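Q: Sharing a structure below in C-alpha cells format, with a few things to ask.
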Amino acid sequence: MKSYKPYTKSRRHMTTVTFKGKVTATEPHKSLTKGGKRDVGRNNAGRISVRHKGGGHKRLFRDVDFGYKKHLPAKIETVEYDPNRSGFIALVVYPDGERRYILCPKSVTVGQIIETSETALAAPGNRMPLKNAPIGSFVYNVEIKPGNGGKLGRAAGTYIELIARDQGYADLKMPSSEVRKVLDTCWATIGEVSNDEHHLRTIGKAGRSRWMGIRPTVRGTAMNPVDHPHGGGEGRQGRGLKRAKTLWGKPSGKGQKTRTPKKYSNYLIVSRRKVGKRTRGNK
C-alpha cells in the first residue's frame, strides 16, 4: 500500500494500492477498448434504479473475455490496471497471434503460459471444468451455466473454495460464506483474483469518491416523509420502523433477508450466507 505525507487533513489517512512491481503497462491495447456514454445507475427507461452513481473520470471500456472460448495455451504479455473493476487484467496472446484480456490471477508473471483445457494442470491461471479440479482448491471466474462465461468470484482478491462434488454438481463455498451447487461441467479458473490489497485502501476525502463516480449518500431519516419512508418526525427521530426500507419501500439492510422466497435457484443453495449483527458470544 502507498501512503502520503499529510500536507492536508484529507491526505493524512489516504492510502492507495501501489502498482509498482504489479502493473507492467501504462496504456491499454487499443483494439480491445471502446468508449461511449455511461448511463450509470439507470435502467433501460432512463430512470434511476441505483442511487449515488454519476459523474467521475472518463473511462475506456476494456473487452474482457470471461469465457476463455479459445482452448489453446496463451502467454501473459502484460498486466494492466482496469478502471472498470477492482482486480487487474492481463493481456494474453495466443499462438495464432490473437490477443485478449482476461482477469489476472494472483501470483502470475509476465511471460507465463496459461492453459484452458479439460486436462490442464491445477496451476494458478489455468482453466478447467469443476469436475476436473481438485477438491479443496481455490477457483475464481466460475460459470453458473456451462458455456455462459464466468459470473462468480470476479472481484479483487476473491476466491471460491471447491468443497465437494456429488451427482453431477459441485459444492462451492462463496466469499459471502454461502454454500451453493453448480453443475460440475461449468468451467472455472484456478487461483485467486489479483490485487488482494484493494479492500485495504482508504479513500481519504469526498472528492476522491467523486472521481470514482460515487455521489453523496443522504440518510433517509434526514429527509421529509414525501422523499423517503424513513423521513419526517419532530427533531431528530429514528426511522420509526422495525425493518429498514429503501426509497421504494423494499426491505433493505440491517440484517433481514432480502432474497426472493420462491426463487428458481433455491434448491441449489446448500446453506445461506450469514446475515445479521454479530455478537461477542456468537461469532
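Q: Of all residues in region 14-25 being among the polar types (S, T, N, Q) and under 19 Å from PRO105 (Cα atoms), which is surrounded by the fewest Cβ atoms within 10 Å (Cβ to Cβ)?
A: Here is the first cut: in region 14-25, the residues among the polar types (S, T, N, Q) are 15-16, 18, 24.
Applying the additional criterion that residues be under 19 Å from PRO105 (Cα atoms) yields 18, 24.
Details: THR18: 12, THR24: 16.
Here the answer is THR18.
Q: Okay, moving on. In region 206-251, how many residues are under 23 Å from LYS53 (Cβ atoms) and charged (D, E, K, R)?
A: Summing the residues that are under 23 Å from LYS53 (Cβ atoms) and charged (D, E, K, R) in region 206-251 gives 7.
Q: Scan region 81-91 and give yes if some residue there is charged (D, E, K, R) and over 20 Å from ASN148 (Cβ atoms), otherwise no.
A: Let us first name the residues in region 81-91 that are charged (D, E, K, R), namely 82, 85.
Retained after the next criterion (residues that are over 20 Å from ASN148 (Cβ atoms)): 82.
Within region 81-91 (the criterion being charged (D, E, K, R) and over 20 Å from ASN148 (Cβ atoms)), the answer is yes, since at least one residue qualifies.
Q: Being under 19 Å from LYS30 (Cα atoms) and among the polar types (S, T, N, Q) is the requirement here; does ASN126 meet it? Spell out the reasoning first.
A: Working: under 19 Å from LYS30 (Cα atoms): no; among the polar types (S, T, N, Q): yes.
Against the criterion (under 19 Å from LYS30 (Cα atoms) and among the polar types (S, T, N, Q)), ASN126 does not qualify.
Q: Can you tell me which residue in region 26-71 is surrounded by the fewest Cβ atoms within 10 Å (Cβ to Cβ), limited to those that are touching a Lys or Arg at 6+ places or on another chain (Cβ under 9 Å), of a type in the set (Val, Ile, Thr) and more than 30 Å from TRP248 (Cα to Cα)?
A: Only one residue fits best here, namely THR33.
Q: On to the next question. Considering region 133-149 alone, what residues qualify as being among the hydrophobic types (A, V, I, L, M, F, W, C) and part of a loop (DSSP other than H, G, I, E, B)? Spell out the reasoning first.
A: So in region 133-149, the residues among the hydrophobic types (A, V, I, L, M, F, W, C) come out as 133, 135, 138-139, 142, 144.
Answer for region 133-149, where residues must be among the hydrophobic types (A, V, I, L, M, F, W, C) and part of a loop (DSSP other than H, G, I, E, B): ALA133, ILE135, ILE144.
Q: Determine the pairs where a residue that is of a type in the set (Ser, Thr, Tyr), located within region 197-211, has a partner that is loosely packed, with under 15 Cβ neighbours inside 10 Å with Cβ atoms under 6 Å apart, the partner being 6 or more residues away or on another chain.
A: So the pair list comes out as THR202/HIS13.
Throughout, read-outs are computed from the coordinates displayed, never taken from laboratory work. Being a predicted model, the structure only gives us computed values, none of them experimental. Backbone-built Cβ (ideal geometry, glycine too); neighbour counts: all protein chains shown.
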